[in-house]
Ligand code: MCA
Ligand code: AMP
């Protein structure tokens, strides 16, 4: 059973969002109504705003065994159109929740698709990652072991609910343990501090959030009280790890994951929390580093996705001999700890923990009348990890950097917008006409 606590701890608080909380009994009852309304659906989408309603819909879909596509509420027109065309949901759930007469809901098979989460690639539009129930169940149990995570934990976070980090680990994680989700609505250091000061035991965040925490010494004592601070979705710089320790006395636990694989490795709660490392493979997950060091990380195990929706070609290419190729480069330390040192391609950018494909941003910019040629790169950014930079050869039609930025935000999503636009006379290209992005840095 994926979420046994729905039946076993009715009186306990399952979900707490600003101004709204639900016990397990209330969640079970509301999610069951949604599930009854979804029986017979092939696939549904939900506007994944950070609220109780999103969690009720996701739990309802899990009870009904209907795969659910969480939609970023800020999706722009082009990206939304792609996701809805590609996933073809029977229903897009917004304010009005589905409802229906009670029926028996047998627990779906472990291989049944549970979530379809869209993730960017180097070129083209995002791909739908189809995640089965056994991936969620096995991964959440492995994390529980690694983090000594129990029903007594109250997990504090302000992560978006349309990605694996916030929804898979940050909501379904506490619900599988029978603990409590304490969502901040949106992340702020002050709100996170208050939650940890009062009820929270653990916090999940991306490095950008920890960067903001480190810049707020007035709140250090609250973070000092947490049982466990966990970082992931992008590298936590060793210097930031050390600054946080100096400020709070806490050594942040880092874990490494991917939409396609859920979590692969983590530093253990009881382990050596070495800065700059993502620890050891989780129980049941096989990890190997292939080729000369730094080599590419490949993964095998019950945590893996089923396929990219409608993309058998991309699914095939992602595997060698049953191992999933992550594209991440790492070295293995003598005691087996992984240290991630980079990525195989420069065309994937991680900004604020969001994955952004250079190609999708380039395609969006090429639709603007002011853009003749463009190359998009990622540059180091202290707060965001990397920032999106657009190198633009202008047409005769004038455009401002702000117009180009807004154009990308409107077509794709605001977090994919370039933070910097650099106008250039021409782009460096090789004999084949391919842009030499390394020369742009
Ligand atoms: C800005 N905004 C705009 C524009 N510019 N809207 C329209 N047009 C524009 N030109 C809006 C934004 O939508 C946002 O609105 C606000 O202005 C500020 O945006 P921004 O500066 O981009 O970000 P931020 O609000 O400062 O957010 C920083 C953040 C965020 C909170 C750290 O980046 C974040 O939540 N990151 C988490 C990403 C994540 O969960 N990744 C996990 C991927 P508003 O204020 O209304 O929002 S899963 C994964 O990676 C794997 C599995 C793993 O290992 O976890
Ligand atoms: P996504 O596709 O959004 O799920 O992002 C997955 C990618 O995020 C991975 O392939 C890594 O490049 C990166 N990532 C996640 N966690 C970490 C971490 N702890 N350290 C370094 N990179 C990470």
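Here are the numbers for this structure:
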item: Dimensionless Rg ratio for the stretch 1-129, taking C-alpha atoms and the 2.2 N^0.38 Å reference; result: 1.09
item: On Cα atoms only, tilt of 401-411 relative to the major axis of the chain in degrees; result: 40
item: Listed residues 296, 79, 367, most fluctuating in the chain (Gaussian network, C-alpha, under 10 Å); result: 367
item: Difference of contour (0.36 nm per residue) and Cα-Cα distance, residue 321 to residue 243; result: 23.9 nm
item: Acute angle (nearest 10 degrees) that the helix 189-198 long axis makes with the longest principal axis of the chain, alpha-carbon atoms; result: 20
item: Bins of 10 Å from zero: percent of alpha-carbon pairs in the stretch 185-243; result: 23, 61, 15
item: Value of D in µm² per second that Stokes-Einstein yields for the stretch 258-333, Kirkwood Rh from Cα pairs, at 25 °C (0.890 mPa s); result: 184
item: Backbone N within the stretch 165-198 under 19 Å of label point (7 Å from residue 218 Cα along the Cβ vector); result: 187-198
item: Simple label model, 7 Å out from Cα along Cβ direction - residue 188 to residue 366, nm; result: 4.2
item: Footprinting exposure proxy for 95, 90 (fewest neighbouring C-beta atoms within 10 Å first); result: 95, 90
item: Choice from 423, 256, 24 with maximal GNM fluctuation in the chain (Cα, 10 Å cutoff); result: 423
item: Cα principal axis extents for the stretch 1-40, largest first, Å; result: 33, 23, 14
item: Taking only Cα atoms of the stretch 77-120, radius of gyration then Dmax in Å; result: 14.3, 39
item: Zone of residue 401's modelled label, taken as backbone nitrogen in the stretch 413-434 under 18 Å from a point 7 Å along Cα→Cβ; result: 415-426
item: Packing-based order for 156-165, 197-206, using average beta carbon neighbours within 10 Å, highest first; result: 156-165, 197-206
item: Solvent-free Debye scattering, log10 I(q)/I(0), computed from the Cα coordinates of the stretch 211-343 at q = 0.11, 0.14, 0.19 Å⁻¹; result: -0.45, -0.67, -1.04
item: Cα-based radius of gyration of the stretch 328-441 once divided by 2.2 N^0.38 Å, which approximates compact folds; result: 1.18
item: Translational diffusion of the stretch 170-274, µm² s⁻¹ [Kirkwood Rh, Cα pairs; Stokes-Einstein; 25 °C; 0.890 mPa s]; result: 174
item: Calculated P(r) tail over 32 Å for the chain, as whole % of Cα pairs; result: 38
item: Square roots of 5 times each gyration tensor eigenvalue, C-alpha, the stretch 308-376, largest first, Å; result: 30, 19, 9
item: Full-extension gain in nm, residue 151 to residue 283, via 0.36 nm per residue minus C-alpha separation; result: 45.5 nm
item: Within a Gaussian network of the chain (alpha carbon springs, distance under 10 Å), most fluctuating of 374, 171, 69; result: 374
item: Alpha-carbon Rg/Rh ratio, for the stretch 135-194, with Rh computed the Kirkwood way; result: 0.98
item: Helix-only [θ]222 nm of the chain, DSSP H runs n ≥ 4, -39500 (n - 2.57) each, per residue, nearest 500; result: -8000 deg cm²/dmol
item: Sequence-separation-based contact order of the stretch 256-306, relative, with Cα cut under 8 Å and 6+ spacing, percent; result: 33
item: Relative contact order computed over the chain (Cα-Cα under 8 Å; 6+ residues apart), in percent; result: 13
item: In Å, descending, principal axis extents of the Cα set of the stretch 54-180; result: 43, 41, 28
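Readers should treat all values here as calculations from the given coordinates under stated rules, not as data from a laboratory. If you're wondering where the values come from, they're calculated on a predicted model, not measured in any experiment. Quick reminder, even Gly has a Cβ in these numbers, built from the backbone with ideal geometry, and neighbours come from all protein chains shown.
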